[in-house]
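Notes follow the structure.
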Amino acid sequence: MHHPPFRGSVALFYHFFHPDDVVSARLFTDLAKDLAQRGWQVTVHTSNRLWSNPHACLATGTEHWAGVQIIRTARPGLEQGRYFPRLLNALWLMLGWTRQVLRSSRPDLFLVGTDPQFSQLLLPLLRLAAPRARIVWWCFDLYPEAIAADQPGGWLAALARGAARLLGPLYRLVDLAVDIGPCMRARLATHKWRRTPLTLTPWALVEPATPTPPDPELRLRLFGPGCRLALLYSGTLGRAHDFTLFLELMRRLRRIDPGIRLLFSCRGNRLAALRAAVQPEDDNILFAPFADEKELAARLAAADIHLLSLNPEWDGIVVPSKFFGSLATGRPLLYAGSATSSIGQWIDTLDVGFRVEATNMDAVVAHLLALAQNPTELERLQHDAFTVYHRHFSRRLILERWDDALKKLLGFRS
């Protein structure tokens, strides 16, 4: 039986988009491009600002790229690093986007991301503008819960918790909520939804075809001569992350085997605090500039094990995207975070790394020393990490699930 070609339409809303290089913008860009290739008519509503360069402005208006229509709305250049200017930016954008929707044909689907923060306020505006359209909310991070996690115990946290209660009824306007991990789904379960939220994880920006061996010259340049086990923290070091356990671990290892070294290649608002905490005698702790996308694959492959962290109060609010990039490169994880977080659960159930905490520091030291002396075991762990990524988290797999979920929401079969 012949089926007519699929001709669904979707409007995506996200603060940052191509050509921005911040991870969430890249993921939204990948999703929009893939949906267009699968027959969707895709329109993206975004801003004229870049996350990576907040003072730069892109041209407003409409442009076409990779089969996607992009409509950029100008917003003020208010500072994103403070909560109230960020909220004003968000309200400005959401009102501008609603105006654009009212001036154009209505799509079958609205897909709303969680940047700008408090994007829940866009939901009733879209429902009024297009009552028949389906609304999908992609929960990449949770606001205002993130404010309470960042400022625990203060008046701002109390205000954030109150705002979360007020925003709760807006979730009933959502036809499908998409979270990015089991711990986030548990947080979302406290709200009433039209249907059960769906978990669709992020994917890696770089996906090598095979587990990538290190480039000897780059490894020597980054970790120095005589490095027997190379550890790497690559990515954002922000308010949700900590480094104190990693420093303590490396100080213990320095006294036993200085050939085990840790390189920080990161950016974020905690980088200055990290540099201040590293002492001159910490010669097994190194720094390198943040790697752009052209250098990222080689940088990730230069190390044997990747590090990441998440403070427990942020569990279910964010999921560090570096987890997926590490597995895609074929590198196991050393994780400073709780066992109940999404990453903690994946590490335990998928056996792709191990956790470090104050109570098991000696065991982690012993494990790293053993891996430094056993390259065969290290290679096995790397191969297993690579296999798990392609079995559970690859770009192809997740984007197919996105297409299937959106089509089912409209009553189509993939």
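We did not get these values from a lab; they are worked out from the coordinates using the rules stated. As the structure is a prediction and not an experimental result, all values here were calculated from the model. Cβ placement follows ideal geometry from the backbone for every residue including glycine, while neighbour counts extend to all protein chains displayed.
Lysine pair count for the chain with Cα-Cα distance under 26 Å and sequence separation of 8 or more or different chains is 7.
Each peptide among 142-149, 64-71, 271-278 gets the average number of other Cβ atoms lying within 10 Å of its residues, and from highest to lowest they stand as 142-149, 64-71, 271-278. Packing order of peptides 261-267, 100-106, 321-327, highest average first: 321-327, 261-267, 100-106 (average count of other Cβ atoms within 10 Å over each peptide's residues). Labels on offer are (i) -0.75, -1.44; (ii) -0.85, -1.45; (iii) -0.79, -1.29, and the one holding log10 I(q)/I(0) by the Debye sum over Cα atoms at q = 0.11, 0.15 Å⁻¹ computed from this structure is (ii). Modelled label positions at residue 256 and residue 63, each set 7 Å beyond Cα in the direction of Cβ, lie 5.3 nm from each other.
Rounded to the nearest 0.05, the FRET efficiency derived from the C-beta distance between residue 121 and residue 279 at R0 = 45 Å is 0.45. Over the chain, DSSP H runs of length four or greater, each weighted -39,500 (n - 2.57), average out per residue to a 222 nm ellipticity of -12500 deg cm²/dmol.
Between residue 53 and residue 206, the FRET efficiency from the beta-carbon distance, with R0 = 22 Å, is close to 0.50.
Using a cut-off of 9 Å between beta-carbons, work out the net charge of the residues near residue 47 (Lys and Arg +1, Asp and Glu -1, residue 47 not included). Spell out each step's value before the answer.
On the way: positive: 49, 72, 75; negative: none.
Computed value for this residue: +3.
Given their separation in residues at 0.36 nm each and the Cα-Cα distance between them, residue 218 and residue 158 gain 16.8 nm when the chain is fully extended.
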